[in-house]
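The values are calculated or read from the model by the stated rules, or taken from the named source; none is laboratory data. As the structure is a prediction and not an experimental result, all values here were calculated from the model. Every residue, glycine as well, gets a Cβ built from its backbone with ideal geometry; the counts of neighbours run over all protein chains shown. For accessibility, only protein heavy atoms count, side chains too; no ligands or nucleic acids. Shrake-Rupley method; radii C 1.70, N 1.55, O 1.52, S 1.80 Å.
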Amino acid sequence: MALRTVLIMLTIQSWSRSEPVAGPYDVFIDQWTECPKGLVDPFFPVKTRLVRNRHNHNDMFLFANYTINERLDDSSSMRLEFGSWSSGGGWKENAFIMKFQRLCSTLNNLAPRTLQALERSLSNSKKVSPATCPWNPETYQITNFSTLEVKSTIPALFYGKWRINLIIFNPKTQVALACFRVYARTTPKMPFVKTSN
């Protein structure tokens with residue numbers, strides 16, 4: 001329902017403007033970090049580091065260490081809170097929100113490429129890799145995850161700069177189980193140009 005509403009809004013706003021404000025898009029990640037204290041309770045510390053690809057300035061490699069205290073599976077839900085950057089400066093909180101049930105199934109359906117790349121980059125404390133969804137309580141390490149792998153089957157989004165809170169929670173108790181904050185840009189999708197050999 002949330003996704004359908006967003007797509008309707010995208011269509012209306014795109015028709016009402018001479019220049020497109022939404023449509024097919026590319027995503028570029030600028031920052032990936034823990035959620036600030038006070039956003040959710042409890043606080044979820046995570047150590048992250050982004051290293052820029054010297055051959056592609058739009059690509060960065062994510063390294064992170066994160067501890068999961070409860071099992072994350074299809075009994076978990078996910079909420080994406082999009083804060084938008086205003087042309088006048090400053091963030092507009094909760095410009096729109098997406099909510100999804102069944103965490104693993106949602107990731108597999110909406111972002112299969114991203115999930116597969118993440119699982120390949122993920123290992124647990126026993127050095128078992130790939131670590132696939134569902135994820136058991138454990139300390140995990142992300143190594144060399146390319147941010148260009150962040151792709152979605154959602155066909156259209158608004159263009160702009162975003163501050164996205166990705167919150168995984170127990171839908172019965174509404175208690176947060178994990179939280180990340182991502183700064184990203186969505187731009188009109190560049191056409192694929194096939195080069196000749």
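Points worth noting:
- Loop-located trypsin sites (Lys or Arg not before Pro) in region 24-98 (DSSP state other than H, G, I, E, B) with a sparse environment of at most 15 neighbouring Cβ atoms within 10 Å: LYS37, ARG54, ARG71.
- Read-out Cα Rg over 2.2 N^0.38 Å, derived from the coordinates shown; its label in (i) 1.06; (ii) 1.25; (iii) 1.11: (i)
- Nearest 10 degrees, 0 to 90: helix 112-121 Cα axis against the chain principal axis: 40
- Histogram of C-alpha separations across region 31-120, 10 Å bin width, %: 12, 33, 43, 11, 0
- Residue of THR106, THR173, THR132 that the Gaussian network model of the chain assigns the largest fluctuation, springs spanning Cα pairs under 10 Å: THR173
- Relative contact order of region 18-88, defined on C-alpha pairs under 8 angstrom at six or more residues apart (%): 21
- Net charge of Cβ neighbours under 13 Å - reference SER76; Lys, Arg +1; Asp, Glu -1: +2
- Lysine pair number, Cα distance threshold 22 Å (strictly under), the chain, separation 8 or more or different chains: 13
- Of the solvent-accessible surface of the chain, computed with a 1.4 Å probe over protein heavy atoms with every protein chain present, carbon and sulfur atoms account for 54 percent.
- Contour minus Cα-Cα distance for MET190 and PHE43 (0.36 nm per residue): 49.1 nm
- Residue of LYS151, LYS172, LYS161 that the Gaussian network model of the chain assigns the largest fluctuation, springs spanning Cα pairs under 10 Å: LYS172
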